[in-house]
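Reviewing the structure listed below.
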Amino acid sequence: EVGELQTLLTKRKGTITVIAEYKRKLDGSGFLAEIPAPELLSPVFREFGAAAVAVLADDRTGGCSYDDVVVMVEEQQEAMGEVPGPLPVISSEMIVDEIQIAQAADAGVKAVTVTYGVVGAEKVTQFIKDAKALGLEVIVNVGSAEEAQGAVDAGASIISVCGVDGADNKYEVIESLSVPEGRSVCTIANILAKDNKALEEVEEAWVCRDKGFNCVWVSDALYKSGNDPVEHPGAIINSMKAKSSVKYASPKARSGKGEGAREYLGDIMM
């Protein structure tokens with residue numbers, strides 16, 4: 001059966017959904033020095049059309065803890081009965097044992113991430129069972145076509161292509177995926193942030209959409225050059241979901257300063 005998160009992430013062909021990842025630590029330059037607290041960004045993600053929110057619940061890599069996860073879950077629940085309503089929260093961390101899945105469930109999340117290359121096929125199958133018993137879905141991170149097929153064979157119904165640069169290379173990971181009859185698999189492209197002020201990540205999201213990905217996972221790129229009103233995380237989510245074609249509109253910078261992208265985003269925000 002198809003889970004709630006998988007359903008939310010999988011829209012009709014030609015559209016893309018967005019998972020917005022919250023973290024407190026960023027790599028690279030040209031990014032916000034200080035990221036606002038989770039309770040401030042949580043409503044922004046919701047109001048600007050993200051399908052789900054992830055929290056990088058790993059203090060070493062993301063600077064976040066389960067406390068941040070709980071804050072995000074609680075803020076989303078405050079939108080119960082409103083439009084848009086609460087977004088599902090995903091705990092994004094390096095899961096290596098069942099206890100972490102139980103901790104994530106206790107924090108109120110709807111899904112966890114498991115990395116195929118770290119735990120292997122048997123553990124992926126086991127973790128999917130453990131998570132299901134707790135009412136959680138699992139997103140399996142993969143980095144190659146072999147891992148993607150291995151994840152699907154191990155029972156994954158949501159896979160995220162991670163650590164692979166460029167839309168074409170990402171597509172190669174899922175291009176020849178064989179999905180058993182009667183099952184569906186949601187494919188996510190994890191968009192890596194470019195270390196510059198241009199907004200090439202928006203264009204990459206459009207290309208991934210056109211290649212058939214269901215969803216993009218966006219992290220550091222949400223926090224680029226964040227002082228400009230058309231470059232805040234909500235504007236970037238909004239523009240990734242825009243029905244623009246790479247052929248006719250490019251968010252790439254026309255100058256070295258991202259001016260073209262900013263003007264383009266400004267138009268979308270009107």
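General remarks:
- Net charge, residue 132 excluded, C-beta distance under 13 Å - Lys, Arg +1, Asp, Glu -1: -3
- Rounded to the nearest whole Hz, the Karplus-based 3J(HN,Hα) values (6.51 cos²θ - 1.76 cosθ + 1.60, θ = phi - 60°) of the range 81-90 follow the sequence x, 9, 10, x, x, x, 8, x, 10, 10, with x at glycine and proline.
- Accessible-area order (highest first, 1.4 angstrom probe) of the listed residues 110, 243: 243, 110
- Calculated FRET efficiency for the pair residue 178/residue 37, C-beta based, R₀ 51 Å, to 0.05: 0.70
- Measuring with a 1.4 angstrom probe and ignoring ligands and nucleic acids, residue 134 comes out at about 90 Å² accessible.
- When 82, 201, 137 are compared by accessible area at a 1.4 angstrom probe, the order from most to least is 82, 137, 201.
- Probe 1.4 Å, all protein chains present, accessible-area order of 119, 83, largest first: 83, 119
- Subset of 211/241; 13/243; 129/211 violating a 19 Å alpha-carbon distance limit: 129/211
- With the whole protein complex present, residue 91 retains an accessible surface near 0 Å², based on a 1.4 Å probe.
- Percent accessible area from carbon and sulfur atoms, the range 1-156, protein chains only, probe 1.4 Å: 52 percent
The values are calculated or read from the model by the stated rules, or taken from the named source; none is laboratory data. Every value quoted in this text rests on a predicted model; they were computed, and no experiment measured them. Cβ coordinates were reconstructed from backbone atoms using ideal geometry, including for glycine residues, and neighbour counts include every protein chain displayed. Surface accessibility is based on the protein's heavy atoms, side chains included, excluding ligands, DNA and RNA. Shrake-Rupley method; radii C 1.70, N 1.55, O 1.52, S 1.80 Å.
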